[in-house]
């Protein structure tokens, strides 16, 4: 079982951020919102932000301290074309002790390419030697492989015609290049036909975006270059459509303990800040952000993606199909489909998957996020989860011996994995369905399950929280009015860091959630009364069952273990869930083609023909 | 001559200091330890201070690191006539060295990851079988090319593979859902013993080739006396604990070792009919791996989770810490020198 160090670093970056030089966009008040920013000034604003990242990182080098600086500082200095002599010395020194697997490979790849005309011959030779003597782990998941093979591809391209003895892999340059290309094409094909496996990750978005940027910047083969470019657009368009003011919302294959509550606080917000300019960057620019910034001059954000990310004048629902990570055991399906729904308005977003064990450890299955003027320090979200953990889950996705894994995870940056107050992670006993901004989640937890309760997260930043005699809980977050109807009795427990935990120790359980904007109602009382009047039937035996007609007039019927119904029609996920289906993104399953649209703008990413087509409708 | 004597005295002194039973007989096998010595908080991308991967302890006193630093090197196997030709199952795939570990090549490509076990057919040199989390891979050319060969296996997860030392192309594998047998070099498979969960280890007796043993996650242990065709549950071993591995004593056909999570170490002196508790003296009962030393009768090794490797020279009646501060041993492997 191999998790990785990215998730461990939030605190480190925060500490670094405090002790380091200026990060104006992280520390200063948010500038007044201007949306959309004119296309004539956006590139300059983008380059200014890029420079802010690089300047900050480069300034961490202390001339008086020969130990200061590492790979990131070298990358920043080289990107700024500063102090090639220091960079060369540092690289020569750092290459003596390589380590960090694919997280070492891509920074070194970045440095090798940025340093082609800056580094000394000695430094270049040191890099070359490290790629012979140090065998990085290839990893055990999609983001690892994206980094590993992108790096290996580019380095094999940089050093062609070399024998196997010159590479850690024992393979020739041509063999390394071929294998890397095959993997990358395989991954792109999977992603553009049945969806990403590690989909919509709040941190790991970087581990796809950065490698794809490098391919688009540095691959000699024009086909690989355009593939990298298209995949980068694909990933960023996916994020753009699932974001609210730069915050990645709804269901995620992976997020972390911090960003689960403070939705802004992660690497995804670095991309929101850098590319869309619509949220502050996280501390230290998300840590890895510098490696995107170092090559960012090679990327120009397409206007259509920018507008998808920033235009929330109209509400919309996006349907997405993804897939699970590779399942090794406890499943007859290698990559089961994931069916996502996300509804976004100017004031709030609500998003979900279908529930179940779709990813190990860090899955986040549904939430409500409300818009806030400044997201820093704010827990602007509400959701529930079954505090499930098991060796069964671990064995499904990892191939280690079973018994130690649940405990081992807690030492590897996931301290809450086996804790009863856990909010992160999926459960095989959870089933979710969402229609627009109404959601039903059901839990049918077998007797004997280690934790047989449901945890609901009610933030410290809710401005109202009322328990109504009707059984509904009414909450206000920003301009979002949220109605949450627990299906079983509960009590409140406090949460370290603020907020309240709805603790419901009943195996047959669930919740009905309806969100609306305060603009829709003349008063808070009117909202509550309208919710109370909505038709709602609840049964818990023999299985949890809910029939609910939401604010938008749709009647949703969910019975645990059965397909949901909308207005009496059974939902057929397999037929109805495209790869992307929204006013902004359209892609068919198996299509290898994504159409991005915003008003008159259209961009088509076609992997069948390796063509990017831009169109403006008259 | 003087140098040789000096060396001999030095070795004896070292052996004496570490308490290892000294034998004038040169071990017939090289002892390989496939180990992860990174701290338990290490994750993918952690810069590793200690060298993990493959260690060779030719003289049983000083383990020497061989090859790359690799935290997930599961096991090694050698070509039958050339102990310098080693295949390793590792997270990066199947690795091969032809010079005793000086240089290595990753023999598999991107499509084969996290190999769990590997076996070479001693009657068909160059025929190599590798367990993968999603099936079984076969090479007929010393690892240069591979193809999957797992038709008929219900759940593809493959943990353990053994080639019958008496018959070329006859294999037994442990999978997620049972023990499978192939008698045609992995072209076809049949389930000879279904299980609820993973079969973690399969072994053939070094004495009677018809005797096989297997241990599992939740079905206890199984024994076969007809070459792996029919298996019978070993009633004297628990089903309540995950059994990680077993080993036959090359020096005594009646002795068998088993270990597991929460089970500790158990020794049988009657071919698996009854078991003696051999955990006392170990720091905890979560035991990852056990092995007999074929060259030193009575000596056994145990890897206790996140503890040093322990050795006993009295079949587990007493133990002492031997190597590493905190280790997880994926396998102990003895490879005959010639």
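Bear in mind these aren't lab numbers, they're just calculated from the coordinates by the rules spelled out. If you're wondering where the values come from, they're calculated on a predicted model, not measured in any experiment. Cβ placement follows ideal geometry from the backbone for every residue including glycine, while neighbour counts extend to all protein chains displayed.
The table that follows gives values for the structure above.
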quantity	calculated
Averaged over B:109-120, number of beta-carbon atoms from partner chains that fall within 10 Å	4
Cα-based helix-to-principal-axis angle, A:524-533 vs chain A, degrees rounded to 10	70
Order of B:29, A:203 - criterion: other Cβ atoms within 10 Å of each residue's Cβ, fewest first	B:29, A:203
Kirkwood-based Rg to Rh ratio, the stretch B:256-319, C-alpha trace	0.93
Rounded Å value of the spacing that divides the Cα centres of the stretch A:243-259 and the stretch A:510-573	24
For A:323-329, mean number of other protein chain Cβ atoms within 10 Å	4
Calculated FRET efficiency for the pair residue A:33/residue A:523, C-beta based, R₀ 22 Å, to 0.05	0.25
A:188, A:231 arranged by Cβ crowding within 10 Å, fewest neighbours leading	A:188, A:231
Whole-number Å³ per residue for the convex hull built on Cα positions in the stretch A:548-618	117
20 °C / 1.002 mPa s Stokes-Einstein diffusion coefficient of the stretch A:107-254, Kirkwood radius on C-alpha pairs, µm²/s	133
Least to most buried among A:320, B:176 (fewest other Cβ within 10 Å first)	B:176, A:320
Per-pair calculated FRET efficiency, R0 = 25 Å: residue A:589 and residue A:617 via Cβ, rounded to 0.05	0.45
Segments A:136-146, A:536-546, B:65-75 sorted - mean Cβ within 10 Å per residue, highest first	A:136-146, B:65-75, A:536-546
Computed over the stretch A:436-533, the ratio Rg/Rh where both radii use C-alpha atoms and Rh is Kirkwood	0.99
Rounded if a/c under 1.5, otherwise prolate or oblate - the stretch A:42-158, Cα gyration tensor axes	oblate
Three-way shape call for the stretch A:419-483 based on the alpha-carbon gyration tensor, with the a/c threshold at 1.5	prolate
Shielding of B:241-249 by partner chains, average beta-carbon count, 10 Å	1
CD proxy at 222 nm, helix term only [per DSSP H run n ≥ 4: -39500 (n - 2.57); per residue of chain A; nearest 500]	-9500 deg cm²/dmol
Angle between chain A longest axis and helix A:222-241 axis [Cα atoms, degrees, rounded to 10]	30
Highest average packing first - B:133-139, A:359-365, Cβ atoms within 10 Å	A:359-365, B:133-139
Average projected area [Cα convex hull, the stretch A:478-578], square nanometres	9.0
Overall Cα dimensions of the stretch A:518-560, principal axis frame, Å, largest first	40, 17, 13
Estimated FRET transfer efficiency when R0 is 35 angstrom, pair residue A:313-residue A:186 (beta carbons, to 0.05)	0.35
Whole-number D in µm²/s for the stretch B:40-175 (Stokes-Einstein; Kirkwood sum over Cα pairs; 25 °C, 0.890 mPa s)	159
Rel. contact order, % - alpha carbon contacts under 8 angstrom, at least six apart, the stretch B:45-175	15
Distance cut-off 23 Å, percentage of C-alpha pairs in the stretch B:159-244 lying past it	13
Relative contact order %, chain B, counting alpha carbon pairs below 8 Å whose residues are six or more apart	12
Peptide ranges A:593-601, B:144-152, B:89-97 listed from the most packed, as the mean C-beta count within 10 angstrom indicates	B:89-97, A:593-601, B:144-152
Nearest-ten-degree value, helix A:9-19 long axis tilted from longest Cα axis of chain A	70
Distant alpha-carbon pairs in chain B (separation over 25 angstrom), percent	50
Spherically averaged projected area in nm², based on the convex hull that wraps the Cα atoms of the stretch B:134-174	3.2
Bins of 10 Å, starting at 0 and running to the largest distance - Cα pair percent for the stretch B:180-226	24, 52, 24
Inter-label distance for residue B:233 and residue A:40, nm, one decimal - labels placed 7 Å from Cα along Cα-to-Cβ	8.1
Shape box of the protein assembly as shown [Cα atoms, principal axes, largest first, Å]	96, 71, 50
